[in-house]
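The values are calculated or read from the model by the stated rules, or taken from the named source; none is laboratory data. Treat the numbers as computed from the prediction; the structure is a model and nothing was measured. As a convention, Cβ positions derive from the backbone with ideal geometry for all residues, glycine included, and neighbour counts pool all protein chains shown. For accessibility, only protein heavy atoms count, side chains too; no ligands or nucleic acids. Shrake-Rupley method; radii C 1.70, N 1.55, O 1.52, S 1.80 Å.
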Amino acid sequence: MEASNPSVAALQRAQDITSRWSDGELGAEEAQQALSAVFEQWQPTEPDTDAERVAETALAGARIAFNDWQQRGENCEELVAQLRWILDPSKDGITDPELNVYAPQRPE
């Protein structure tokens, strides 16, 4: 799925990385580097839709949690749990399929 908004696309990438990290498909170092790249490349914009607003909010929260975790260096499982919750728009009642790609369909 190709998102038209940079924030929605960044949210999808962050969700995918976090999901793969949680599932053990990515190691901690690889996942951290990938998330760092997402957060470095993402630039907040003025949201035009609810989906974009939700994506902006989720990414901002996830970036704060990730940067805080990097400074404190606590365990990875705690960070993954926090990121999964922060990046999941369904916690706010948002069911937009464009935003809910938390467990993307991947080849087995």
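Descriptive notes on the structure:
- Rg/Rh for the chain (Cα atoms only, Rh after Kirkwood) is 0.94.
- Difference of contour (0.36 nm per residue) and Cα-Cα distance, Gln41 to Ala60: 5.6 nm
- GNM result for the chain, Cα springs below 10 Å: residue of Ile17, Ile94, Ile86 fluctuating most strongly: Ile94
- Element breakdown for the chain at a 1.4 angstrom probe: carbon and sulfur atoms account for 47% of the accessible area.
- The chain, relative contact order [Cα under 8 Å, separation at least 6], %: 38 percent
- Residue with peak Gaussian network fluctuation, the chain [Cα springs, cutoff 10 Å], from Gln32, Gln15, Gln41: Gln41
- Dividing the summed helix terms, -39500 (n - 2.57) for each DSSP H run of n ≥ 4, by the number of residues in the chain produces a 222 nm estimate of -20000 deg cm²/dmol to the nearest 500.
- Between Asp50 and Asp23, the C-beta separation translates, for a Förster distance of 25 Å, into a calculated FRET efficiency of about 0.30.
- For the range 25-95, the solvent-accessible area works out to 59 Å² per residue, with a probe of 1.4 Å and every protein chain left in place.
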